[in-house]
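Q: Okay, here's the structure, questions in a sec.
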Amino acid sequence: MDSKEVQTLVEDRRKALQRYKDQTKGVQTKIHSGSSAEIYSQCKSALTNNPWDLRVFRVLGVTASKQKEYDLAVYAFENILELEPENPKYRTELGVLYYHYGKRLQEAGDHNDAKRCFEKTKEILSDYSGKDGDIIWIIRQVDPEIAISIQAGGRDRGSLEANIGHSAELDRRDRGLEIDIEGLESKLRDSSLPKIKRLSAARQMSDYFKKSADITKALAYLEEALPLDEQSDTQKAIAVLKYEVFQKLESPSPEVLEGIKEEYAELAKKRPSDPDITLGLGQINFALGKWKQCIEAVQKNSLSRTEDMNLAEILIGNSLSKMGLHIAAELQFQTTAERTQENAGPQYVEAMYGLAMAQKEQGKQHEAEKSFSEVLRLDFNYRDALAQLTGVSENSD
């Protein structure tokens, strides 16, 4: 089939669809209020009679969005745009829905489909020219450069210097040097606004105070955001921030860390594929001296990022060493060291140090001496490695 025949088929199909639309566009069904299930049932019946009923798709899309059934909402708005392709409002709403659908998929561990949703958000909102702060915030999550261009006044306006200037302005905001606290506070307290707008305000203020080192206020705003967020993102942010603060304490309390561990364990049930939660729970268990639980925590998640995989293996190796299983620890550290040797970064150094310690505990003095020497070759300020190498060298003499 040549290109001319293909074009003829496409044109015939387009004309047939248009004839069907013309025949049915006057047949519109009124959707009565009720529960979401009742509304869905009415919409299904109405679309069976007229699959081009724009009003029904609007009701379906809005209802599904409110119920956070983002897959159905995306389907509805895709059809709305097919019927009104030039409507910028519906196009923007579809871009936002794809973002929330992606977050939901990401939380469920479906990272490939989540990535595709985020790419759709980026594609759809790439020409957004409005000033809605919440939408710009979403755009910045998928492509900061688009957001910089929007705040510069349009994708075609200004020079490179102008974009650099606005990039610096965004950097200042990111560092907490510029933010409309009063406006965000007002938005957070306005119960007439949608939850997502109030949630965004609370999270922005929390980020601001975190960057300003006022952790008490940062946590307070996250706690206020928690009832507005039904996807556990805020719950995760609270747990992560608490753990970050705990790690900086001069006299950390095991009881406090146990409490943080419980929050991570609860999140691990909701976000079993989230590497931040998996690795965080593993690190907490290790800090508490619960070696077996550390290993179990990091082995439950099939980690995709190489850096996450390396960190998990180092935790496993250290836990095995603490349990006295030095041969198993040596094998684990050898695997990690082989994978990270080419980059020779911090994870390679940690893997080599763990390998050296496992070798030392087995009485392999010569192998341990070589491994400690490799650590010091890359990081001469690694004091523990220097002390251990000195001890091993003295024993081998």
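Q: Where residues in the stretch 184-209 are of a type in the set (Gly, Ala, Ser) and assigned to a loop (DSSP other than H, G, I, E, B), which of them is surrounded by the most Cβ atoms within 10 Å (Cβ to Cβ)? First the steps, then the outcome.
A: Within the stretch 184-209, the subset of a type in the set (Gly, Ala, Ser) is 186, 191-192, 200-202, 206.
Keeping just the survivors that are assigned to a loop (DSSP other than H, G, I, E, B) gives 191-192.
Details: SER191: 7, SER192: 5.
So the residue we want is SER191.
Q: Can you confirm whether GLU350 is free of Cβ contacts under 8 Å to residues at least 40 places away in the same chain, closer than 25 Å to ASN301 by Cβ and surrounded by 15 or more Cβ atoms within 10 Å (Cβ to Cβ)? Don't jump to the end; show me each part of the working.
A: Numbers: free of Cβ contacts under 8 Å to residues at least 40 places away in the same chain: yes; closer than 25 Å to ASN301 by Cβ: yes; surrounded by 15 or more Cβ atoms within 10 Å (Cβ to Cβ): yes.
It is true that GLU350 is free of Cβ contacts under 8 Å to residues at least 40 places away in the same chain, closer than 25 Å to ASN301 by Cβ and surrounded by 15 or more Cβ atoms within 10 Å (Cβ to Cβ).
Q: Could you tell me how many of the residues in the stretch 215-264 are at pLDDT below 85, surrounded by fewer than 18 Cβ atoms within 10 Å (Cβ to Cβ), closer than 30 Å to TYR101 by Cβ and hydrophobic (A, V, I, L, M, F, W, C)?
A: Within the stretch 215-264, residues that are at pLDDT below 85, surrounded by fewer than 18 Cβ atoms within 10 Å (Cβ to Cβ), closer than 30 Å to TYR101 by Cβ and hydrophobic (A, V, I, L, M, F, W, C) number 1.
Q: Confirm whether GLU313 is in the same structural domain as GLU361 (by TED's automatic domain parsing), crowded, with 19+ Cβ neighbours inside 10 Å, among the charged types (D, E, K, R) and touching a helix residue (DSSP H, G or I) at 6+ places or on another chain (Cβ under 9 Å).
A: Details: in the same structural domain as GLU361 (by TED's automatic domain parsing): yes; crowded, with 19+ Cβ neighbours inside 10 Å: yes; among the charged types (D, E, K, R): yes; touching a helix residue (DSSP H, G or I) at 6+ places or on another chain (Cβ under 9 Å): yes.
It is true that GLU313 is in the same structural domain as GLU361 (by TED's automatic domain parsing), crowded, with 19+ Cβ neighbours inside 10 Å, among the charged types (D, E, K, R) and touching a helix residue (DSSP H, G or I) at 6+ places or on another chain (Cβ under 9 Å).
Q: Given (1) among the aliphatic types (A, V, I, L, M); (2) modelled with pLDDT under 75; (3) in a helix (DSSP H, G or I), identify the lone condition not met by LEU177.
A: Among (1) among the aliphatic types (A, V, I, L, M); (2) modelled with pLDDT under 75; (3) in a helix (DSSP H, G or I), the lone unmet condition for LEU177 is (3).
Q: Kindly check whether there is at least one residue in the stretch 355-372 that is under 24 Å from ALA297 (Cβ atoms) and within 32 Å of the chain's Cα centre (by Cα).
A: Looking through the stretch 355-372, none of the residues is under 24 Å from ALA297 (Cβ atoms) and within 32 Å of the chain's Cα centre (by Cα).
Q: Tell me the residue from GLU338, GLU369 that is farther than 18 Å from ILE314 by Cα, in a helix (DSSP H, G or I), charged (D, E, K, R) and in the same structural domain as ASN318 (by TED's automatic domain parsing), please. Give the steps one after another, and end with the answer.
A: On the way: GLU338 fails: farther than 18 Å from ILE314 by Cα.
Result: GLU369 is the single residue among GLU338, GLU369 that is farther than 18 Å from ILE314 by Cα, in a helix (DSSP H, G or I), charged (D, E, K, R) and in the same structural domain as ASN318 (by TED's automatic domain parsing).
Q: To continue, here is another question. For LEU267, only one of the following conditions fails: (1) buried (at least 19 other Cβ atoms within 10 Å of the Cβ); (2) over 17 Å from LEU303 (Cβ atoms). What is its number?
A: Failed condition: (2).
Q: Separate question: Can we say ARG383 is out of contact with any strand residue (DSSP E or B) (no Cβ under 6 Å at 6 or more places or on another chain), charged (D, E, K, R) and without any contact (Cβ under 8 Å) to a residue 12 or more places away in the chain? Give the derivation first.
A: Details: out of contact with any strand residue (DSSP E or B) (no Cβ under 6 Å at 6 or more places or on another chain): yes; charged (D, E, K, R): yes; without any contact (Cβ under 8 Å) to a residue 12 or more places away in the chain: yes.
It is true that ARG383 is out of contact with any strand residue (DSSP E or B) (no Cβ under 6 Å at 6 or more places or on another chain), charged (D, E, K, R) and without any contact (Cβ under 8 Å) to a residue 12 or more places away in the chain.
The values are calculated or read from the model by the stated rules, or taken from the named source; none is laboratory data. As the structure is a computational prediction, the values presented were derived from the model and not from experiment. We place every Cβ from the backbone using ideal geometry, glycine too, and count neighbours over all the protein chains shown.
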